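Below is one structure; the comments refer to it alone.
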Amino acid sequence: MSSLLKIYGVPMSQACRSLIWLVLNKKMPFELVLTMPGSKQENGTRHPTYLEKFPNATIPALEDPSTGFLLSESHAIMCYLCNKFEWFDFYPKDNEKRAKVDDFLHYHHRKVKEASLAYFAPKVRTDLNLPEILIGNAEKSFKDSLNALNTNWLEKNRFITGDQVTLADLAAYVEIGQLRDCYTNLYDFSPLKNIERWIEDMTNVEGHDDAHLVLKELGDISENPPSMENIAKANITGFKRILELTS
Ligand SMILES: N[C@@H](CCC(=O)N[C@@H](CS)C(=O)NCC(=O)O)C(=O)O
């Protein structure tokens with residue numbers, strides 16, 4: 001049996017993309033196990049086998065076949081890998097610098113993360129029939145976080161917590177970047193000059209293009225929601241690229 005670390009997920013998932021980007025950047029060999037969010041099928045997050053390993057029923061998830069160690073939550077997984085492999089550029093060893101990254105990672109959940117609920121899910125997960133009030137609240141939270149980023153974090157620093165790209169940037173970018181006009185075209189960032197500059201800088205972080213191929217493939221969905229077939233095709237294209245790079 002392969003002892004490669006397994007990552008369960010799909011490239012279309014924002015949280016999976018941040019993790020995939022990190023491990024591609026670090027050229028860490030891994031096996032991506034395609035796992036569909038919300039599905040009760042054998043390859044789904046609600047199948048009993050998956051639930052037994054990962055009770056949160058979410059992707060991404062990590063399994064270390066050599067030890068049996070299992071972990072959910074993208075931020076917890078990324079922090080764990082940075083600790084394990086001493087990737088201190090993405091997750092600084094210095095206590096205060098690390099605490100700033102943690103600050104943003106915790107803040108992220110009900111703020112920048114809401115990009116997915118406000119803009120992405122209403123187009124890509126039409127099956128969820130999200131109530132308008134939920135979408136409206138998510139929009140407000142996301143816009144508040146953009147304002148905080150543009151006028152505070154990214155006004156002071158090149159990257160979110162300093163002059164070095166960290167896990168905070170990966171986590172934020174997968175939410176913000178997915179809405180860019182070159183991908184889904186669901187948000188106009190042009191009035192937000194610091195965010196625009198940061199987006200450009202993030203595009204140059206190694207692994208960006210491969211982790212985001214899925215979105216290039218999905219394309220502009222601002223007018224019409226994509227078909228399930230197009231979503232599946234984009235995921236497969238993204239998956240194949242990751243497979244090529246990791247095998
Ligand atoms: N806080 C989690 C969020 C992950 C998440 O929302 N994953 C979605 C897919 S993007 C999921 O697994 N959803 C399960 C479902 O729809 O039932 C993390 O950062 O890992």
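The values are calculated or read from the model by the stated rules, or taken from the named source; none is laboratory data. Quick caveat: nothing in here was measured; it's all calculated off a predicted structure. With ideal geometry, Cβ positions are generated from the backbone for all residues, glycine too; neighbour counts draw on all protein chains shown.
Look at region 39-51: where a residue is assigned by TED's automatic domain parsing to the domain that holds LEU71 and a partner is buried (at least 16 other Cβ atoms within 10 Å of the Cβ) and part of a helix (DSSP H, G or I), sitting 6+ places away or on another chain with Cβ atoms under 7 Å, you get GLY44/TYR50.
Residues considered: ALA148, ALA138. Of these, the only one that is within 15 Å of the ligand (Cβ to nearest atom) and either touching a residue at least 40 places away in the same chain (Cβ under 8 Å) or surrounded by fewer than 23 Cβ atoms within 10 Å (Cβ to Cβ) (or both) is ALA138.
Of the residues making up region 71-90, those that are more than 19 Å from ARG17 (Cα to Cα), outside any helix (DSSP H, G or I) and either of a type in the set (A, V, I, L, M, F, W, C) or within 15 Å of the ligand (Cβ to nearest atom) (or both) number 1.
Checked against the criteria, LYS100 counts as in contact (Cβ under 8 Å) with a residue 24 or more places away in the chain, among the basic types (Lys, Arg), away from the ligand (no atom under 14 Å from the Cβ) and buried (at least 16 other Cβ atoms within 10 Å of the Cβ).
Return the total of residues in region 157-176 being of a type in the set (S, T, N, Q) and farther than 16 Å from LYS93 by Cβ.
Of region 157-176, the ones of a type in the set (S, T, N, Q) are 157, 161, 164, 166.
Among the residues that remain, those that are also farther than 16 Å from LYS93 by Cβ are: 157.
Counting residues in region 157-176 that are of a type in the set (S, T, N, Q) and farther than 16 Å from LYS93 by Cβ gives 1.
Being part of a helix (DSSP H, G or I) and in the same structural domain as TYR80 (by TED's automatic domain parsing) is the requirement here; does LYS140 meet it? Judged against the criteria, LYS140 is not a match.
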